[in-house]
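Colleague: Let me begin by handing over the structure; questions about it come next.
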Amino acid sequence: MISRRDFLQVSMAASALVGASGFGNWSRLAAQQALTQDQLLQFDTFGNVSLIHITDIHAQMKPIYFREPSVNIGVGDNRGVVPHVTGADFRKLYGIDDGSPSHYALSSGDFSSLAKAYGRVGGLDRVATVVNAIRADRPDALLLDGGDTWHGSYTCHHTEGQDMVNVMNGLKPDAMTFHWEFTLGSDRVREIVEGLPFAALGQNIFDAEWDEPAESFPPYQFFERGGVKIAVIGQAFPYMPIANPGWMFPEYSFGIRDEHMQAMVDEVRAQGAECVVCLSHNGFDVDKSMASKVKGIDVILTGHTHDALPEPVLVGDTILIASGSNGKFVSRVDLDIQNGRMMGFRHKLIPIFSDVIEPDAEMTALIDEQRAPFMEELSEVIGQTDSLLYRRGNFNGTWDDLICDALLSERDADIAMSPGVRWGPSLIPGDDITREDIWNVTSMSYGEAYRSEMTGEFIKVILEDVADNIFNPDPYYQQGGDMVRIGGMGYRIDVQKPQGERITDMTLLKTGEAIDPSKNYVVAGWASVNEGTEGPQIWDVVEAHIKKRGTVTVQPNDSVTVVGA
Amino acid sequence: MDFTRRETLALGGAAALTFVLPFRANAATTEELVNEFTGGADIADAGVELTAPEIAENGNTVPITVSAPGASAIMVLATGNPTPPVATFNFGPLAASHEASTRIRLAGTQDVVAIAQLEDGSFARSAKTVKVTIGGCGG
């Protein structure tokens, strides 16, 4: 007799085989310049249930470039394991050929030249084609959106998320969970949620005053698909009032609340759930940790940390799926559920190569309809770039270097700080920088660029605090962003040290002098979580800077020395 | 990031507590308080549950719950606060539920400790680190 565990391992191997041969095929086909939509969509329908996962779209409706990180350090038990494997190491781990489409889609290295060869990725009209194709195979497939959907673009900001709501409704999701959505303010979130034709889930969204589950966001929703009773439990981003301005949604409290998650799993199982899916915005390492503590979840569809993994990660009897960000990927997960047990699965991470996958005409029209009133503002060319502009990476990215430069010069500051968010598409050398491109990496409801004085000691406190939110060895204490980006100052960080001891050698770059703990420095930054922050909007600061420069060149940044990786 | 000047100073103060005197300052007091409660008896690791957030949304009001089936009393200590004792909950023999919830104020990142006296007179302990952080850089 074969145990459930054995079944999972057997099918894991089979899945890995499917994944690997899929990649191999792409490489060969790409060499022949013959990557096709059929190849990208090829999937032998399996079992009785299909899940479609998309997450962290950040309002990117049109195809974009998106460079994956080259620095993504794991600590504690996650040191050196996925998703903390990047570049050539990542390709070696998954058997991906250098220069292949999967190299371009999934890993960093040679990005600019591969981007020119393979073109843009994403576009929700291409995503629609993929979703429709999966539904043609399995008409009752569940489409689940992991959140960070109604944030991240010019049109999304100006319509307070309505553009994305309209377009996503065209995709017909079955459920969704949340993070940046709440930065629209709780009144607006509730207004949208009340009209949603699908479930808005979050088992960890609580009423802050009563510390009880919030009424507007049910913990779970049942679906009957392929004769299987499926419970989808939502898990919103746990640290919203800390990582984002809590004053914008003061009625709500979040947290991981894994004891409540266990109670919800037990509750849905008692109500006859044969398959339990967690639609999560925890971040990958937090989900991995949660999967080892909460028993009875079959699949966790992870989000928040923007990782794209070509194979599921197995924790006990739970599989974790990581589907990337910015509309770049869609995951398809087929499950075989028999008598309340997951007997096997088949998985494919489908990269949305926008030049290969035919856009869905209806969806293109719907997207263009949302953008039409803003086209003049969106398309205005502000400057050009000679450098690759990207954001992802633990310590810096060229987009943030440019934003910090803008803050230093436009706001006449000694030191600049830019938040370590993970959203924001890339531009390749030679590209125009349009107003839309600037908004794609800056837009938010609290974008005011402050200017204030801070002591050297306090700047260190900030760096130590943010570093511990990324490099605390226990994932439950991590918030899932990257390090705050610093302009005008260098430092050394030992990621293995405890809080208070990681940051040393802070140096003011313009003088080369060590930062004096008792001296005041003028600091310019943006995205303060404080209510009443004053200053011009960051996108205006960046636009003014780029306009003056005309063509932007970003020099390599070696002001942060990292040890202990 | 938090940056008004007033809050900068306030945070600087909190941070000084966190980094310069990380709950070591009160370690002796914590031990004394525990000894006083248990009379120096051995303390088991299982028997009391302490639920608290990993990272406080607001250090001034952190919701916690303690629960120990059959317990006659549960003591809660915030080991890093200037005054560590938070509360001691006493349960009578007819208590239907041996659970209590409250909100506590934390001076900075520290361990919250719950010690329960169980039905048979033995003691159990549970601790959880609650982080009080500046935050502000989400993904």
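Colleague: What's the angle, to the nearest 10 degrees (0 to 90), between helix A:398-410's Cα axis and the longest principal axis of chain A?
Modeller: Tilt of helix A:398-410: around 30 degrees.
Colleague: Identify the residues of the stretch B:80-103 with backbone N under 19 Å of a label point that sits 7 angstrom from the Cα of residue B:35 along the Cα-to-Cβ direction, or state none.
Modeller: Those under the cut-off are B:80, B:84-85.
Colleague: Once R0 is set to 25 Å, what does the formula 1/(1 + (r/R0)^6) return for the Cβ-Cβ distance between residue A:45 and residue A:93, expressed as a FRET efficiency to the nearest 0.05?
Modeller: 0.35
Colleague: Going by how many other beta carbons lie within 10 Å of each one, how would you line up A:261, A:290, fewest first?
Modeller: Ascending number of Cβ neighbours within 10 Å: A:261, A:290.
Colleague: Quick one: 3J(HN,Hα) in Hz for the stretch B:77-93, Karplus 6.51/-1.76/1.60 with θ = phi - 60°, rounded, Gly and Pro as x.
Modeller: Computed from phi, the couplings for the stretch B:77-93 are 10, 9, 5, x, 7, x, 10, x, x, 9, 6, 10, 8, 9, 10, x, x Hz.
Colleague: Here's something else I'd like to know. Using the alpha-carbon atoms, what tilt in degrees (0 to 90, nearest 10) does helix A:4-31 show relative to the longest principal axis of chain A?
Modeller: Tilt relative to chain A: about 60 degrees.
Colleague: Also, quick follow-up: Once the Cβ-Cβ distance between residue A:355 and residue A:457 is put in as r, and R0 is 41 Å, what FRET efficiency do you end up with, to the nearest 0.05?
Modeller: 0.20
Colleague: Still on this structure, I have one more. Zone of residue A:534 (label point 7 Å along Cα→Cβ, backbone N under 18 Å): which residues in the stretch A:385-412?
Modeller: Hits in the stretch A:385-412 for residue A:534 at 18 Å: A:411-412.
Colleague: Taking the Cβ of residue A:88 as the centre, find all other residues whose Cβ is under 13 Å away and add up their charges (Lys, Arg: +1; Asp, Glu: -1).
Modeller: -3
Colleague: Where does helix A:124-137 land angle-wise versus the long Cα axis of chain A, in degrees 0 to 90, nearest 10?
Modeller: Between the helix axis and the principal axis of chain A, the angle is about 10 degrees.
Colleague: So, with +1 on the Cβ of K and R and -1 on the Cβ of D and E, and no other charges, what is the size of the charge dipole of the protein assembly as shown about its Cα centre, to the nearest 20 debye?
Modeller: Its charge dipole is roughly 1200 debye.
Colleague: A follow-up question, please. Please turn the phi angles of the stretch A:171-188 into ³J(HN,Hα) values with the Karplus equation 6.51 cos²θ - 1.76 cosθ + 1.60 (θ = phi - 60°), one per residue in order, whole Hz, x for glycine and proline.
Modeller: 7, 6, x, 9, 6, 8, 10, 9, 8, 4, 3, 5, 6, 6, x, 5, 5, 5
Colleague: In this model, which of A:92/B:131; A:288/A:348; A:229/A:348 are farther than 31 Å apart at the alpha-carbon?
Modeller: A:92/B:131
Throughout, read-outs are computed from the coordinates displayed, never taken from laboratory work. Model, not experiment: these values are computed from the prediction. With ideal geometry, Cβ positions are generated from the backbone for all residues, glycine too; neighbour counts draw on all protein chains shown.
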